[in-house]
Amino acid sequence: MILAKRGATVDGFDISPRAIQCARRRAVANGVADMTAFEVASFYSLPYDDARYDAVIGQAILHHLREKGQVARELYRVLKPRARAIFSEPFGNSSWLERLRLLVPVPSGAPDDPTEWTRQLKYTDLEPFRSLFEIDVAEMQLLSRLERLVSSRRLVAWLKRFDVSVLRTCPWLRRYARTIVVELRRR
Ligand SMILES: C[S@@+](CC[C@H](N)C(=O)[O-])C[C@H]1O[C@@H](n2cnc3c(N)ncnc32)[C@H](O)[C@@H]1O
């Protein structure tokens, strides 16, 4: 919606008809229905022409898809040469930390599925993309992952600043981050 509001023409897809219905309603509510087209489709077989897109953006989707090689091929196909895809994904590179995460109480109503821990993205999930894309990653959230336990906004803001600084200066801690932003540049 944000990109469409800034003038981009946006196509969106999800395998869930409900998600697509919701996206269409939101496009109308935001006054960008003319700039957007949403379709029910699977990432494994996209209904789009070759080299159609300047950019692809995804939020919490890659970690759901087991066939990463097929995703890489479809992404490569629909992007223009040198175009980029950016994904923000829950990161679960450390299995003991992910197990620990399940012990943290979730406030009632939080949209969190505790069984998903086995499907968090890992560094190794990026391997199938390497031959088709140049890859950059930014790991985020170390202590600020505790924000759902902390009610003080000031403390959460401090934890976020702490994370930025620690993750910059201690690269070995990045594998324990909670979120990863992956940038894929088509070769
Ligand atoms: C965690 S949700 C994220 C939804 C949305 N991107 C967001 O950030 O609110 C994961 C989404 O992936 C979709 N999904 C799962 N498998 C898919 C596939 N093979 N192709 C397309 N979408 C898929 C699900 O329907 C679900 O809407």
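Could you identify the single residue in ALA72, ALA19, ALA23, ALA27 that is part of a helix (DSSP H, G or I) and near the ligand (Cβ under 8 Å from one of its atoms)?
Details: ALA72 fails: near the ligand (Cβ under 8 Å from one of its atoms); ALA23 fails: near the ligand (Cβ under 8 Å from one of its atoms); ALA27 fails: near the ligand (Cβ under 8 Å from one of its atoms).
The match here is ALA19.
Considering only residues that are surrounded by 13 or more Cβ atoms within 10 Å (Cβ to Cβ) and among the hydroxyl-bearing types (Ser, Thr, Tyr), look in the stretch 35-47 and name the one that is farthest from the ligand (Cβ to nearest atom).
Our first condition is that a residue be surrounded by 13 or more Cβ atoms within 10 Å (Cβ to Cβ); within the stretch 35-47, this holds for 35-44, 46.
Next, from what is left, pick out any that are among the hydroxyl-bearing types (Ser, Thr, Tyr): 36, 42, 44.
Numbers: THR36: 15, SER42: 4, TYR44: 6 Å.
Residue satisfying both the conditions and the ranking: THR36.
Would you be able to tell me the number of residues in the stretch 1-42 that are charged (D, E, K, R) and either within 15 Å of GLN59 (Cα to Cα) or touching a Lys or Arg at 6+ places or on another chain (Cβ under 8 Å) (or both)?
Kept after step one, since they are charged (D, E, K, R), are these residues of the stretch 1-42: 5-6, 11, 14, 18, 24-26, 34, 39.
Filter once more, so that each one left must be either within 15 Å of GLN59 (Cα to Cα) or touching a Lys or Arg at 6+ places or on another chain (Cβ under 8 Å) (or both): 11, 14.
The number of residues fulfilling the criteria is 2.
Among the numbered conditions (1) touching a strand residue (DSSP E or B) at 6+ places or on another chain (Cβ under 8 Å); (2) at pLDDT 95 or above; (3) in a helix (DSSP H, G or I), tell me where ASP54 comes up short.
(3)
Does the stretch 135-151 include one or more residues that are part of a helix (DSSP H, G or I) and over 19 Å from GLY92 (Cβ atoms)? Can you show your working first?
Looking only at the stretch 135-151, we keep the residues that are part of a helix (DSSP H, G or I), and these are 143-149.
If we keep only those that are over 19 Å from GLY92 (Cβ atoms) too, we end up with none.
The answer is no, given that none of the residues of the stretch 135-151 is part of a helix (DSSP H, G or I) and over 19 Å from GLY92 (Cβ atoms).
Under the condition of being away from the ligand (no atom under 13 Å from the Cβ) and small (Gly, Ala, Ser), which residue from the stretch 48-69 is nearest to PHE13 (Cα to Cα)?
ALA55
Of the residues that sit in the stretch 76-121 and are crowded, with 18+ Cβ neighbours inside 10 Å and assigned to a loop (DSSP other than H, G, I, E, B), which one is modelled with the highest pLDDT?
Step by step, filter the stretch 76-121, then rank; the result is GLN120.
In the stretch 163-187, what residues are among the aromatic types (Phe, Trp, Tyr) and surrounded by 14 or more Cβ atoms within 10 Å (Cβ to Cβ)?
Restricting attention to the stretch 163-187, the residues satisfying the condition of being among the aromatic types (Phe, Trp, Tyr) are 172, 176.
Answer for the stretch 163-187, where residues must be among the aromatic types (Phe, Trp, Tyr) and surrounded by 14 or more Cβ atoms within 10 Å (Cβ to Cβ): just TYR176.
The values are calculated or read from the model by the stated rules, or taken from the named source; none is laboratory data. Please read all numbers here as calculations on a predicted model, not as lab measurements. In this analysis, Cβ positions are derived from the backbone assuming ideal geometry, glycine residues included, and neighbour counts consider all displayed protein chains.
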